Amino acid sequence: MAYPTQYRYTREHEWIQIDGPIGSQIGTIGITDYAQNSLGDIVFVDAPKVGASVEAGKSFGSVESVKAVSDLFSPVSGTVTAVNEALNSAPEKINTAAHESWIIKVQLAKPGEVDALLSAADYEKFISEETAH
């Protein structure tokens, strides 16, 4: 699986795509194909409400699969501006298109946090090392 190069990634298997001019950047956040594959069939997504604050590295919700419930960790700090309501009735969209199925959008409070995230190449290296153990 090729990971989109325009995204940045976390070691907890979330992706973020940054859009907009500096100062009013919006980050679109989802989970990686590796994460959805590890989880199996996703049956529920618990996301925060619009207006909620999220903090980089902290849990903002969870995904429930037939195997387990896993926390979602925000790659950045900011305020939730949108929630993908389509996942309420069709959470399995994440299984079929993980890199297109976003969970939340966040107005970035600290745009510099993105610099600490992994590039696609670094993320691919990270998961290959993780799966080698």
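Ranked by the mean number of other Cβ atoms within 10 Å per residue, highest first, peptides 16-22, 100-106 order as 100-106, 16-22. Relative to the Cα centre, the charge distribution of the chain, modelled as +1 at Lys and Arg Cβ and -1 at Asp and Glu Cβ, gives a dipole magnitude of about 280 debye. Computed from the C-alpha gyration tensor, the three semi-axes of the ellipsoid equivalent to the range 1-54 are 22, 17, 8 Å, from longest to shortest. With 5 Å bins beginning at zero, the pair-distance distribution over Cα atoms of the chain amounts to 2, 11, 22, 24, 21, 13, 5, 1, 0 %.
Taking θ as phi - 60° and the Karplus parameters 6.51, -1.76 and 1.60, the scalar couplings of the range 56-67 work out to 3, x, 9, 5, 10, x, 8, 10, 10, 10, 5, 8 Hz in sequence order, x denoting glycine and proline.
In the chain, Cα pairs under 8 Å separated by at least six residues give a relative contact order of 31 percent.
Taking amide H as placed 1.01 Å from N in the peptide plane, the amide H of ILE103 sits under 5 Å from that of ILE29, GLY30, each at least 5 places away or on another chain.
Here the 3J(HN,Hα) profile of the range 109-116, calculated from phi with Karplus coefficients 6.51, -1.76 and 1.60 at θ = phi - 60°, is 8, 9, x, x, 4, 4, 4, 7 Hz, Gly and Pro shown as x. Residues whose amide H lies under 5 Å from that of GLY61, counting only those 5 or more places away or on a different chain, are LEU72; hydrogens are built 1.01 Å from N in the peptide plane.
Each reported figure results from applying straightforward, stated rules to the coordinates on display, with no laboratory input. What you see is a predicted model; the values in this text were computed from it and never measured. Virtual Cβ from ideal backbone geometry, glycine too; neighbours counted across all protein chains shown.
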